[in-house]
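Below is one structure, written out as structure tokens; comments come after it.
The values are calculated or read from the model by the stated rules, or taken from the named source; none is laboratory data. If you're wondering where the values come from, they're calculated on a predicted model, not measured in any experiment. Cβ atoms come from the backbone with ideal geometry, glycine included; neighbour counts cover every protein chain shown. Keep in mind that these areas ignore ligands, DNA and RNA; they rest on the heavy atoms of the full protein, side chains included. Shrake-Rupley method; radii C 1.70, N 1.55, O 1.52, S 1.80 Å.
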Amino acid sequence: MYRAPRGTSDILPGEQAYWRYVEQKVVDICQLYGYERIDSPVFEDTGLFTRSVGPGTDIVEKEMYTFTDKGGNQVTLRPEGTAPVCRAYLEHGLHNLPQPVKLYYLAAVFRYERPQAGRYRQHHQFGFEAIGDASPALDAEVIDMSWQFFLSLGLRHLSLLLNSIGCRQCRPGYLRRLEEYYAGHAEALCPDCKVRLERNTLRLLDCKKPACQKLAGLAPRSADNLCPDCAAHFDQLKRYLDRLEIPYTVNHRLVRGLDYYTRTVFEIQPMSGGSQSTLGGGGRYDDLIEELGGKPTPAIGLAAGIERMILNLKQQGVAVPPLAKPGVFLAHIGEEARDEAMKLASGLRRSGTGVILATGNRSLKAQLRQANSAGVRYAVIMGEEEIRAGKVILRDMVNAEQQSVPMSELPALLG
RNA sequence: GUGAGUGUAGCCCAGUGGUCUAAGGCGCCAGGUUGUGGCCCUGGAUAUCGAGGGUUCAAAUCCCUCCACUCACCCCA
């Protein structure tokens, strides 16, 4: 028997209310802040991701679903959402629009990883991007929007982590200081961190091993090593957030996994978070558009995982509104009634009344049982006798009262 | 890629060598008199006990291999 591929899953009808709920909240918040939807292809030229995400990152090194198509093109199922949006921004000349351009997406993303709680090979992200403005006021707006979004979902006990990792000017100097610091403590590092020291110094900061955390706590902080412009930007952002009463925590060990981030980085996670708990993360990527062949264009955005949101909604017992369904079940007895019922059902639906029509020729008892489990308010019963009189039985499934009514009055009674 | 745990019906699961021609619950189907649901009662269908190999007179139960799932690491949403 075939199964869904590892790390993927079917979203069955019973789960859909959560998805529609989250999607509606996404649409609402984006409308509120003036972000417009964009949908990009599921796959892109591989180069778009290797160039933007960064050749040294895990995503590019081992997690991409890359294949050669029949035309010999190297393509990759998108492992993240920002690069495609930037590509679209350049491809369609969106820099000609008033800046910043504000876009959002809801999309499946693909990473070849070992699945575990809150981590899948195909998962879904909501993300939004504000492209073409360097002001810290935009950082504040994006973070505010992110925060308000999670609140609007009904999630509580969240924390907002904030940091600045500098820019092209100041980061190299900071990384050197960090390397120097760690070089003096190389013996004390865990095996993973010894590798990180060679490959990705920033990542040393967020190792979870207690010994490494202790070292990271004493390590030089990026926020203390910013150039004057970055420092001013970070200060201004914090002032804005204070003003907006957004409860952020500066975390000097917060670094993000993709190479394109500059200056502001932030992450939102549940306070009681176990592993794989980050709900969303984002930051500035002021050099990315230029890296992809555009003019220097500052930008900032957020990406958040929908599966993790739903996980948290369930954990926190947030009730989501049920999906709409038909309120009427149409039962029938006998051949003649069945034909008549089909016609009636179709007529009701054409006038906008949702109807579940019994199929087959099951007993009335069975049909009503089905009506009950379908959760309808009314059952309409068509029997031979009623049809001859031009009537049907209208049964209220809640208070178990029923009456015989003329078929012509049914639309009004049910509407 | 690494480590640990688990695999019995659609779902939750009992069963740790013979009484298992596999128990129970949920769900599903049908009955409890003629054309009426939810509660209750009765009955029924659904399981090559993850797959293959081995040990044994005898394996769901022991051993080996493989596969899948779960959790954790790595990393990320």
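Less than 5 angstrom separates the built amide H of A:Tyr35 from none of the residues sequence-distant by 5 or more or on a different chain.
When only Cα pairs under 8 Å and 6 or more residues apart are kept, what is the percent relative contact order across chain A?
Details: 689 pairs, mean separation 63.9, N = 415.
Relative CO of chain A lands at 15 percent.
GluC sites (Glu not before Pro) within segment A:240-297: which are DSSP loop residues with at most 16 other Cβ atoms inside 10 Å? For GluC sites (Glu not before Pro) across segment A:240-297 that sit outside H, G, I, E and B with at most 16 neighbouring Cβ atoms in 10 Å, the list reads A:Glu245.
Of the chymotrypsin sites (Phe, Trp or Tyr not before Pro) found in segment A:100-159, those that fall in a DSSP loop while having at most 16 other beta-carbon atoms within 10 Å are A:Tyr112.
Given 25 °C and 0.890 mPa s, compute D for chain A with the Stokes-Einstein relation, Rh being the Kirkwood radius over Cα pairs; round to the nearest whole µm²/s. Don't jump to the answer; show the numbers that get you there.
Working: Rh = 25.0 Å.
D, rounded to a whole number, is 98 µm²/s.
Residues considered: A:Ala345, A:Ala232, A:Ala299. Largest GNM mean-square fluctuation over chain A, using C-alpha springs under 10 Å, is found at A:Ala345. Only Lys, Arg, Asp and Glu carry charge here, each on its Cβ (+1 for the first two, -1 for the last two); on that basis segment A:328-414 has a dipole of about 320 debye about its Cα centre.
If you wrap segment A:328-414 in the convex hull of its Cα atoms and look at it from every side, the mean projected area works out to 4.9 nm². Between A:Ser275 and A:Lys194, the C-beta separation translates, for a Förster distance of 30 Å, into a calculated FRET efficiency of about 0.85. Think of chain A as having a plus end and a minus end, set by charges on the Cβ of Lys, Arg, Asp and Glu; of A:Ile131, A:Met342, A:Ser9, A:Ser9 sits farthest toward the positive end of this dipole.
Return the single residue from A:Ser275, A:Ser52, A:Ser404 with maximal mean-square fluctuation; model: Gaussian network over chain A, springs between Cα atoms under 10 Å. Per the Cα network of chain A with a 10 Å cutoff, A:Ser404 tops the list.
Computed 3J(HN,Hα) for segment A:289-296, one whole-Hz value per residue from the Karplus formula 6.51 cos²θ - 1.76 cosθ + 1.60 where θ = phi - 60°, is 4, 5, 4, 8, x, x, 6, x, glycine and proline marked x.
Restricting to DSSP H runs of at least four residues, report the calculated mean residue ellipticity at 222 nm for chain A, -39500 (n - 2.57) per run over all residues, nearest 500 deg cm²/dmol. Walk me through the numbers on the way to the answer.
Details: 14 runs with 152 residues, N = 415.
Mean residue ellipticity, 222 nm, calculated: -11000 deg cm²/dmol.
Shown for chain A: the carbon plus sulfur share of the solvent-accessible area, taken with all protein chains present and a 1.4 angstrom probe, equals 50%.
Assigning unit charges at the beta carbon (Lys, Arg +1; Asp, Glu -1) and nothing else, what dipole magnitude in debye, to the nearest 20, does chain A show about its Cα centre?
Working: 50 positive and 48 negative charges, 196 e Å.
Dipole of chain A, to the nearest 20 debye: 940 debye.
Within the straight-line cut-off of under 18 Å between alpha carbons, the lysines reachable from A:Lys102 are A:Lys25, A:Lys295, sequence neighbours fewer than 8 places apart in one chain being disregarded. Would you please state which residues of segment A:350-364 a label at A:Gln402 would reach in this model, taking the label point 7 Å out along Cα→Cβ and a backbone N cut-off of under 19 Å? Under 19 Å, as judged by backbone N against the label point of A:Gln402, lie A:355-364 of segment A:350-364. Taking every DSSP bridge with both residues inside chain A, close to 80 percent are antiparallel.
Looking at segment A:151-188, the trypsin sites (Lys or Arg not before Pro) that sit in a DSSP loop and have at most 11 other Cβ atoms within 10 Å of their own Cβ are A:Arg168. Considering the dipole of chain A built from charges on the beta carbon (Lys and Arg +1, Asp and Glu -1) around the Cα centre, which of A:Ala331, A:His233, A:His95 is farthest to its positive end? Most positive-ward Cα: A:Ala331.
Each principal axis of the Cα cloud of segment A:281-327 was evaluated for its coordinate range; sorted largest first, these ranges are 56, 27, 12 Å.
Of the beta bridges in segment A:264-415, as assigned by DSSP with both residues counted there, near 70 percent are antiparallel. When each full DSSP H helix of chain A is screened for a Cα extent of at least 20 Å along its own axis and an average Kyte-Doolittle hydropathy of at least 0.0, the helices passing are A:136-153.
The residues of segment A:323-411 expose on average 57 square angstrom of accessible surface per residue, using a 1.4 Å probe on protein heavy atoms. Where a Cα-Cα gap under 30 Å defines reach, which lysines qualify for A:Lys70, not counting those fewer than 8 residues away within the same chain? The qualifying lysines are A:Lys62. Bridges between two residues of segment A:328-414, per DSSP, are antiparallel at a rate of about 55%. Assuming charge only on the beta carbon of Lys and Arg (+1) and of Asp and Glu (-1), the dipole of segment A:25-145 about its Cα centre is about 440 debye to the nearest 20.
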